[in-house]
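A quick write-up on the structure given underneath.
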Amino acid sequence: QVQLVESGGGLVQAGGSLILSCAASGSIFSIYSMGWYRQAPGKQREPVAVINSGGNTNYADSVKGRFTISRDNAKNTMYLQMNSLKPEDTAVYYCNLSTKVRSYWGQGTQVTVSS
């Protein structure tokens with residue numbers, strides 16, 4: 001079993017920055033990818049940024065140039081550096097870890113950006 005714990009969410013003014021962390025623990029083998037997703041009220045969960053086992057990254061168009069995803073393999077931790085935050089970035093942010101056979105989710109962390 002794999003456990004994912006997010007931290008780092010909070011309230012920030014527009015233009016500000018936050019760093020989200022996702023610590024993974026448990027039986028972690030053959031990670032295919034890790035990523036951040038978000039869900040705003042009344043909307044579907046959407047991908048924000050994904051990093052695969054080779055270190056390649058993909059970002060949603062809405063966050064390109066503002067967000068950076070990274071991993072520390074030694075610590076089994078993933079990060080999301082969020083800069084120039086906008087009110088439309090307000091959402092619950094979820095950490096995801098995917099292997100070839102299963103996908104795991106964290107409990108989510110709230111990010112609120114005030115205008």
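Summary of values
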quantity	calculated
Partner aspartates and glutamates for LYS75 [C-alpha distance under 16 Å; skip if fewer than 8 residues away on the same chain]	GLU6
5 angstrom amide H check on THR99, placed H, neighbours 5+ away	TYR32, TYR104
Farthest positive-ward along the range 12-112 dipole, Cα basis, beta-carbon charges - from TYR32, MET82, GLY15	TYR32
The range 62-93 residues near the modelled ARG102 label - backbone nitrogen below 18 Å, point 7 Å along Cα→Cβ	none
The chain: relative contact order as a whole-number percent, Cα under 8 Å and 6+ apart	37 percent
Rough spin-label spacing in nm, given labels placed 7 Å along Cα→Cβ, for VAL5 and ASP72	1.4 nm
The chain, dipole about Cα centre (Lys/Arg Cβ +1, Asp/Glu Cβ -1), debye to the nearest 20	180 debye
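Read-outs: derived from the displayed coordinates by stated rules, not from any lab. Because the structure is a prediction, the values reported are computed rather than measured. Every residue, glycine among them, receives a Cβ derived from its backbone with ideal geometry; neighbour counts consider all protein chains shown.
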